[in-house]
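Accompanying notes for the structure given below.
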Amino acid sequence: MEAADALTAKQNGKGAQTEELVEYTKRALEESAEKQRAGVGHPEVPPGWVSTAGDTLDLSNKGARKLPVEVIELIKDKVER
């Protein structure tokens, strides 16, 4: 879905549809949460440790001209500078 859809969207002069961006964002957030959960309970991770490291959500290859409100709602509490 990734590169081929982005290329097709750009060739057609259309950005990714809101639903596609929302689904992509949800998957990325879930993958990030899974990474965090995998770190907790690992033998080398001290008890009570909290990760402050984050992941990058790259929407640039999706061809969207505007960031949909639905995506903003999903990431608004997770964005850091």
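The values are calculated or read from the model by the stated rules, or taken from the named source; none is laboratory data. The structure presented is a predicted model; accordingly, all values stated were derived computationally and were not measured. In this analysis, Cβ positions are derived from the backbone assuming ideal geometry, glycine residues included, and neighbour counts consider all displayed protein chains.
In summary, K14 fulfils each of the numbered conditions (1) exposed (fewer than 10 other Cβ atoms within 10 Å of the Cβ); (2) at pLDDT below 60; (3) not in a helix (DSSP H, G or I) with the single exception of condition (1). Residue check: G63 meets all listed conditions (1) at pLDDT 85 or above; (2) touching a helix residue (DSSP H, G or I) at 6+ places or on another chain (Cβ under 6 Å) but one, namely (1). Taken over region 54-76, the criterion of being more than 11 Å from the chain's Cα centre (by Cα), under 17 Å from Q17 (Cβ atoms) and assigned to a loop (DSSP other than H, G, I, E, B) is satisfied by G63, A64, R65, K66, L67, P68.
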